[in-house]
């Protein structure tokens, strides 16, 4: 298991990069992004919904709550990213798919 300091750096870097990509996308499609206290939230008015992405330091995972489901992503050395083991999706891919599903259209982060 990676140490806490390395996990925090990877999580912070991953969420900051995701935040930048989401801000750019939010200029094209309708949702709001908030990155506060290490957690990232994405809120939609139509249809209403909210996604939350946050690090869980004790277990060294990034947790995502979207579409009434919870996803737990682990660091993958090969992908150099947090990855959902069951699908192989990176954090960015998972959020991209979730936003597309929420909006009913394909989006690209």
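Read-outs throughout are calculated quantities, based only on the coordinates presented, and are distinct from any laboratory measurement. Since we're looking at a predicted model, the values are computed, not measured. Note: ideal-geometry Cβ built from the backbone for every residue, glycine included; neighbour counts use all protein chains shown.
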Most exposed to least, judged by fewest other Cβ atoms within 10 Å, 34, 13 sort to 13, 34
Placing each pseudo-label 7 Å from Cα in the direction of the beta carbon, residue 34 and residue 68 end up separated by a distance in nanometres of 2.3
The simple spin-label model distance between residue 3 and residue 19, using points 7 Å out along Cα→Cβ, in nm, is 2.5
Between residue 103 and residue 87, the two model label points (7 Å from Cα along the beta-carbon direction) sit apart by a distance in nm of 1.7
Under the helix-only model (-39500 (n - 2.57) for each DSSP H run of 4 or more, divided by the residues of the chain), the mean residue ellipticity at 222 nm, to 500 deg cm²/dmol, is -11000 deg cm²/dmol
Taking every alpha carbon pair in the chain and sorting the distances into 5 angstrom bins from 0 up to the bin holding the longest one, the percent per bin comes out as 2, 12, 25, 26, 19, 11, 4, 1, 0
Connecting every pair of Cα atoms under 10 Å apart in the chain and solving the GNM, the largest mean-square fluctuation among 50, 92, 69 falls on 69
If 95, 77, 23 are placed from fewest to most neighbouring beta carbons inside 10 Å, the sequence is 77, 23, 95
